[in-house]
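Here the structure comes first, spelled out in structure tokens, and everything after it is commentary.
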Amino acid sequence: MLDVVERSGAERVHVIAHSMGADAVAGAIASMDSKQELFDQIILAAPDIDADVFLKQVVPRLSELSKRTTLYCSRNDWALQASYHFNDSWRAGDSSRGLLVAQGLDTIDASSIDTELLGHSYYGNCIDILKDVGELFLRNPEPADRNLVNVPRQTEVPAWTFPRLLKEFDTPR
């Protein structure tokens, strides 16, 4: 990955990783020996990463090495729920146990998106997410400037969703 950044001559390099690939990519980026911002956008879609390891070890490094790091998650991702049982640990992309939030991370809950059977490939099938990723690539706006709305929560660090999905958060669980 460093080779791509250094040799490409690109002004901006974006990284998108999904599921178990996000574990490998995020781990590789977190272990890079660099103090400078290397990436424009790092996007993790439904990452199958241990949530505690992600929060404590990965997020701080990703936020140092990128302009913005975005996490797309869902509580309806059956593949990540199965991974939880297999790995015996909460997965970063599974919001069924709560929204994973941290400074330097934009968490976007896509739980109400109509998905296929496993609910694991929603990021590539949803026009809302594809438009959001496009905005990130083009302008790098803050979540509030990307047609996202704050999910009602009781924490200092916000989480976001799409306006048409907000009604889902209004109903008690």
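Just so you know, all these numbers are worked out from the coordinates, no wet-lab data involved. Source: prediction; values computed, not measured. When we count neighbours, we look across all protein chains shown, and the Cβ atoms used for this are built from the backbone with ideal geometry, even at glycine.
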Charge sum, other residues only, whose C-beta stays under 15 Å from Ser83's C-beta, Lys/Arg counted +1 and Asp/Glu -1
-4
Considering only lysines 8 or more places apart in sequence, or on different chains, count the pairs in the chain whose C-alpha atoms sit under 28 Å apart.
5
Mind sorting Val101, Val53 by how few other Cβ atoms lie within 10 Å of their own Cβ, fewest first?
Val53, Val101
In deg cm²/dmol, rounded to 500, what helix-only [θ] at 222 nm does the chain give when every DSSP H run of at least 4 residues adds -39500 (n - 2.57) and the total is split over its residues?
-9000 deg cm²/dmol
Difference of contour (0.36 nm per residue) and Cα-Cα distance, Lys56 to Phe137:
26.5 nm
Taking Trp78, Trp160, Trp90 and counting other beta carbon atoms within 10 angstrom, the fewest-first order is Trp78, Trp90, Trp160
Over the C-alpha atoms of the chain, what are the Rg and the largest Cα-to-Cα span, Dmax, in Å?
15.4, 51
Ranked by Cβ crowding within 10 angstrom, fewest neighbours first, how are Arg91, Arg97 ordered?
Arg97, Arg91
Quick one: which residues, 5+ away or cross-chain, put their amide H under 5 Å from the amide H of Leu38? H built at 1.01 Å from N.
Ser66
At 0.890 mPa s and 25 °C, Stokes diffusion of the stretch 31-109 via Kirkwood alpha-carbon radius, µm² per second:
193 µm²/s
